[in-house]
Amino acid sequence: MPKHKLDPNKWVDKYADYLFNYAIVRVNDREIANDLVSETFLAGLNSKDNFLGKASERTWLISILKRKVIDYYRRINSQKGKAEVRINYSDDENNGEWLEEQVADDFDRSAEDEMENEELRLAILECLDEINPKHAAIFKMKTIDGADTEAVCNEFKITPSNLWVIIHRARTALATCLEKKWL
Amino acid sequence: MQKPKFFILNCSDAANCCDKKEYNEASIREKTSIIIHNLFCKKCRDYSAKNSKLTQLIKKARIKACTSEEKRDIKEKLKQEISKQGSSSS
Ligand SMILES: [Zn+2]
């Protein structure tokens, strides 16, 4: 009997944020990231008979998404080539060079930050997978979206004191989960 | 929670104030009460420190969540595909 099983009905609630974060860092566009996430779930569904249960659901879905991201880069490759040519046709040669250097520098710095933060980002989302999904959703809306208490209470039909109990449990669980490596 | 009397809190109320503080929703009275409570309570002092570190970490991670509409769209697509598969296999 396989250790891990697939449950596609829960995929979006459990993994959409995780996959979305993985994708958006790489493609830098919300809409495309969302498309890649949907494509990943559909591809996962269509090849679910190939799932052996050796890896976790999330690891398996991420491996599909990785391929989708590579496919996406291949698809846009020709368009990217055109953009590079356009930079070389700048009117003022020096100005063009300066711009290019500036862009490269900014890119390097933000890419480095991104790599550093990505591990943390995915670790947080992994930890949130371990807690009650409704509590995780409430915690994310309050903490990550920064929604005010009233809005969260309306959305989930809970009282403010319920909200704070849930937030407290989520924060405690998250701190315990992150403790070894990050806190 | 009950309004703290003379700034005296029990530990669970202190934890609640501490959580609110992380979301900038603690009143001045609550903030003062935590400071006083934490002077005498190591457990809550540790919790406060860990809790604010957690806030910093979450900020640093700059997590981008899907909006509920985006999730609904993805769910819809997935549902259609699941029902398609169900009808083709039966
Ligand atoms: Zn205490």
Check your understanding: Out of all the residues in segment B:24-34, is one or more assigned to a loop (DSSP other than H, G, I, E, B), open to solvent by less than 60 Å² (accessible area, probe 1.4 Å) and within 16 Å of the ligand (Cβ to nearest atom)?
Key -> yes
Practice item. Scan segment A:70-77 and give yes if some residue there is modelled with pLDDT under 90 and hydroxyl-bearing (S, T, Y), otherwise no. Key: yes
Study note, to complete from the structure: Output for Cβ contacts, cut-off 9 Å, separation at least six or different chains, first residue crowded, with 18+ Cβ neighbours inside 10 Å in segment A:24-53, second aromatic (F, W, Y) and in a loop (DSSP other than H, G, I, E, B), reads A:G44/A:F51
Exercise for review: Give the residue, chosen from B:S83, B:S48, B:S68, that is at pLDDT 95 or above, hydroxyl-bearing (S, T, Y) and either open to solvent by less than 100 Å² (accessible area, probe 1.4 Å) or within 16 Å of the ligand (Cβ to nearest atom) (or both).
Suggested key: B:S48
Practice item. Give the residues of segment B:35-44 that are within 8 Å of the ligand (Cβ to nearest atom) and surrounded by 13 or more Cβ atoms within 10 Å (Cβ to Cβ), sorted by residue number. Key: B:H37, B:N38, B:C41, B:C44
Review point. Of the residues that make up segment B:35-48, is at least one within 11 Å of chain A (Cβ to nearest Cβ) and under 19 Å from the mean Cα position of the chain (by Cα)?
Key: yes
Practice item. Can you tell me which residue among B:D73, B:D13 is within 16 Å of the ligand (Cβ to nearest atom) and either free of Cβ contacts under 8 Å to residues at least 24 places away in the same chain or crowded, with 20+ Cβ neighbours inside 10 Å (or both)? Key: B:D13
Practice item. Could you figure out which of (1) at pLDDT 90 or above; (2) open to solvent by 70 Å² or more (accessible area, probe 1.4 Å); (3) not charged (D, E, K, R) isn't true of A:A16? Key: (2)
Point to revise | Residue match in segment B:51-65 (condition: within 28 Å of A:E155 (Cβ to Cβ), facing chain A (nearest Cβ under 8 Å) and within 16 Å of the ligand (Cβ to nearest atom)) | key: yes
Practice item. Answer with yes or no whether B:I58 is outside any helix (DSSP H, G or I) and surrounded by 15 or more Cβ atoms within 10 Å (Cβ to Cβ). Key: no
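The values are calculated or read from the model by the stated rules, or taken from the named source; none is laboratory data. Remember, it's a predicted structure, so these values are computed and weren't measured experimentally. Every residue, glycine among them, receives a Cβ derived from its backbone with ideal geometry; neighbour counts consider all protein chains shown. For the accessible areas, the whole protein counts, side chains as well, though only heavy atoms, and no ligand, DNA or RNA atoms are used. Shrake-Rupley method; radii C 1.70, N 1.55, O 1.52, S 1.80 Å.
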